[in-house]
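Reviewing the structure listed below.
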Amino acid sequence: ARSGDICGACRCRRRSSPVGEQPAVIRVMLVDDQEMVRVGFRMILQAEPDLTIVGEAADGAAAIELAARANPDVVLMDVRMPVLDGIEACRTIRERHPDTRVMMLTTFDLHDYVHAALRAGASGFMLKDAPAEQLVDAIRVIANGDALLAPSITQALIDEVARQPVRDPASYPGVEQLTERELGVLQLMARGQSNNEIATELYLGEATIKTHVGRILAKLGARDRVQAVVVAYESGVVSPGDR
């Protein structure tokens, strides 16, 4: 596919399938100014039966236009590109297409970009040299409505927030609506723990934790758990160094 092209696959969204049917196909868009990088990703993703590439773009501005036509479920977005960088492209795509998830990809130091990317609405952040199986798994996780908050991402966020003035939790109205249990769950989310890990630590069922996470997102007006963690640190509910 040439930069900016859209495949002929159907444009409908299918993220879940009835029992007995084939798994839903995840529509993926590739955005990177290096053609060889796109070729590499394309080769990896085309080998997966549940993934299909619906378009490619070489800069952020082209990505915004393409997203409107290609209707992707997940966008793999480079951070540094000409014309418009990946973070601004992510912000615009998320504003215009809330159901589209964006995973940022870079070869650069996470600390330089992770906070801005998460603030822009990214649902994940990976290095380009991550193993192929990790990339594929990450796409499936994000397409399923979850978010990637690996320990390295959490640490980068903590380091960035630690350099900023502490804000008053009252400036985030949803924070004061959280119950004591929900605050506890949010603090564990901020450590990068999964639902299963939180359930184990709190001696609760994983289904109960999922319910708490859903209520936390609703009260904070957060798109996903990544944005909820950003709010947790920015509002001072969780402080760098908390354990």
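The values are calculated or read from the model by the stated rules, or taken from the named source; none is laboratory data. The model shown is predicted, which means the values in this text are computed figures rather than measured ones. Cβ coordinates were reconstructed from backbone atoms using ideal geometry, including for glycine residues, and neighbour counts include every protein chain displayed. SASA here: full protein model, heavy atoms, side chains in, ligands and nucleic acids out. Shrake-Rupley method; radii C 1.70, N 1.55, O 1.52, S 1.80 Å.
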Keeping all protein chains in position, work out how much accessible area K128 exposes to a 1.4 Å probe, and write it in Å² to the nearest 10. 40
Quote the FRET efficiency, to the nearest 0.05, computed for R80 versus Y203 with a Förster distance R0 of 45 Å and r equal to the Cβ-Cβ distance. 0.50
So if each residue of separation counts as 0.36 nm, and I subtract the Cα-Cα distance between E65 and K210, what length gain in nm does that give? 48.7 nm
Could you calculate the contour length gain from D129 to D50, that is, 0.36 nm times the residue separation minus the distance between their Cα atoms, to one decimal place in nm? 26.2 nm
Using heavy-atom solvent-accessible surface (probe 1.4 Å) with all chains present, what is the largest-first order of T107, T92, T100, T208? T107, T208, T92, T100
